[in-house]
1. Scan segment 67-82 and tell me whether some residue there is in contact with a helix residue (DSSP H, G or I) (Cβ under 6 Å, 6 or more places away or on another chain) and either free of Cβ contacts under 8 Å to residues at least 12 places away in the same chain or assigned to a helix (DSSP H, G or I) (or both).
2. Being within 21 Å of residue 347 (Cβ to Cβ) and of a type in the set (Lys, Arg) is the filter; apply it to segment 11-32 and report the residue that is least open to solvent (accessible area, probe 1.4 Å).
3. Among the helices (runs of 4 or more DSSP H) contained in segment 1-42, which hold 1 or more residues that are in contact with a Phe, Trp or Tyr (Cβ under 6 Å, 6 or more places away or on another chain)?
4. Could you figure out which of (1) at pLDDT 85 or above; (2) closer than 22 Å to residue 274 by Cβ; (3) aliphatic (A, V, I, L, M) isn't true of residue 147?
5. Find the residue count for segment 378-399, including only residues that are within 19 Å of residue 359 (Cα to Cα) and either within 19 Å of the chain's Cα centre (by Cα) or of a type outside the set (Phe, Trp, Tyr) (or both).
6. From 397, 401, 446, which residue is within 16 Å of the ligand (Cβ to nearest atom), crowded, with 17+ Cβ neighbours inside 10 Å and at pLDDT 95 or above?
7. Looking only at segment 235-255, decide whether some residue is at pLDDT 90 or above and within 13 Å of the ligand (Cβ to nearest atom).
8. Among the strands (runs of 3 or more DSSP E) lying completely within segment 367-456, list those that include at least 1 residues that are closer than 18 Å to residue 108 by Cα.
Amino acid sequence: MREFLHDPIKTLQSISRKYGDISHFKLGRQHVYLINNPDYIEKVLVYDHRNFTKGKRLQLAKALLGEGLVTSEGDLHNRQRRIIQPIFHSKQIAAYGKTITDHASTLNQKWKDGDTRDMLKEMMQLTLSIICKSVLNYDVESEAEEVGKALTICRNYSKRLQSPLGQVLNKIPILPDVRGAKKAREDLDKLVYGLIKERRKRPEYDIKSYDDLLTRLLQAQDTTTESMPKDGGKSTSTSSTGATSPPSEMSDRQVRDEVMTIFIAGHETTANALTWTFYLLSQNPNIEERLLYELRTVIDNNRTPTVYDIPKLKFTDKILRESMRLYPPVWSMGRYVDNDYTLGKYTIPGGSTIMMSQFLMHHDPRYYSEPERFNPERWSSEAKSILPRFSYFPFGGGIRGCIGESFAWMEGILVIATICRQWRMRLVPGHRVELDPAITLRPRYGMRMKLERRNV
Ligand code: HEM
């Protein structure tokens, strides 16, 4: 336990090296089974997902996220996923490409040649403003502003709830942090419910006037025969009458939960991916040169990139892919085993937890030669086609795989293209770069970098 808390990645790596594809250990009283084989991971996430839930730890996140996609289970999750999935289809979200490049261009204007900045902080702010604009058509230029501040407080507070001490402190309502988090949550609720009410009041709250994800969520309907309960799915049972119901939309409460979920799930991960990418480029100037060549060729006349450039930015794609291989923003995932489950030669007892780690898989020499080397060229179409599906899974997979994957690729590639075309970034000498594997994989001390404006 002590070893795991001190350095979870190293501990898991040494367990898997010693014991192979399935290993068992205890964390406190919890039995944990680490699985470290792409076929087993595929079995758990895709084929046998019904035998698992996401576990009790998520109950805590419900205080903020309610019953949104990340925290709901069973029938409610299936129904919500069915309704929301089409909204995140790559063709649908292309509309947000301009929001992404507009916000990245604002940074280009704000930064000055010779500035030293913490790129983690900059990217958190950037992805937060992008998600606020895309979801609510709301402008948040800094974390100092009301919404940005409230979201940041909630995000940090949810993270603290993951620790046993945080859980104890959470029960003391007079503590300033607990009060602050409550107030931040109430402020956000007020804003989101207010916007929902306003949109619903307009007889024609059409996509053209507010092309944001909130409008799309309000318009989304479940057209299958299983109707959404009037409480928006607060109860997890579905209508079992078998009768065909009219298409049903989400309740205000359900829309609020999904909005909050998309806010939280949709910005920190991408910010980490971008920060690590800038770090890797700074350490590999030859690769950075090749990136610049591609950007200059595809995005001619120093114009702002658009979604139409993305298919041509093949090397940029490989760089982001390789960056998320080395530093997967979600570095591990767990599943709670409902009933005894057979995997390979073993039976995993109901009540235990299965753990899978993107970090371990992505650094496994069985699938990646020289796994520690940043080598975007390894991602040729041929190499991709022979890798087992779950040897690379930064976005998870199956019914609970990341719904924002297309959004994240679009955002990642467009931000890299917009920023790296203008700036060369170098790590500040002496800055310590260390992994901080919490829920997401952050650089523990941020990423202080010096900015040099490129000659264009
Ligand atoms: C590089 C960026 C991102 C990474 C690496 C990432 C990774 C993941 C992973 C691994 C999961 C699955 C967790 C599990 O199964 O336990 C997930 C779920 C999810 N992600 Fe992402 N994500 C990213 C960006 C986004 C964005 C931009 C959005 C929204 C705009 C988003 C929304 C969600 C949601 C709603 C879920 C829950 C899906 C469900 O359970 O049905 N993510 N993400």
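1. No, the conditions are met nowhere in segment 67-82.
2. Filtering first and then ranking leaves 26.
3. Passing ranges, in order: 8-19, 38-42.
4. Residue 147 satisfies every listed condition except (1).
5. Going through segment 378-399 one residue at a time, the tally reaches 14.
6. Testing whether each residue is within 16 Å of the ligand (Cβ to nearest atom), crowded, with 17+ Cβ neighbours inside 10 Å and at pLDDT 95 or above leaves just 397.
7. No, segment 235-255 contains no residue that is at pLDDT 90 or above and within 13 Å of the ligand (Cβ to nearest atom).
8. Passing ranges, in order: 423-427, 448-453.
The values are calculated or read from the model by the stated rules, or taken from the named source; none is laboratory data. Fair warning: this is a prediction, and the values are worked out from it, not measured in the lab. Every residue, glycine among them, receives a Cβ derived from its backbone with ideal geometry; neighbour counts consider all protein chains shown. Please note that ligands, DNA and RNA were not included when accessible areas were found on the heavy atoms of the full protein model with its side chains. Shrake-Rupley method; radii C 1.70, N 1.55, O 1.52, S 1.80 Å.
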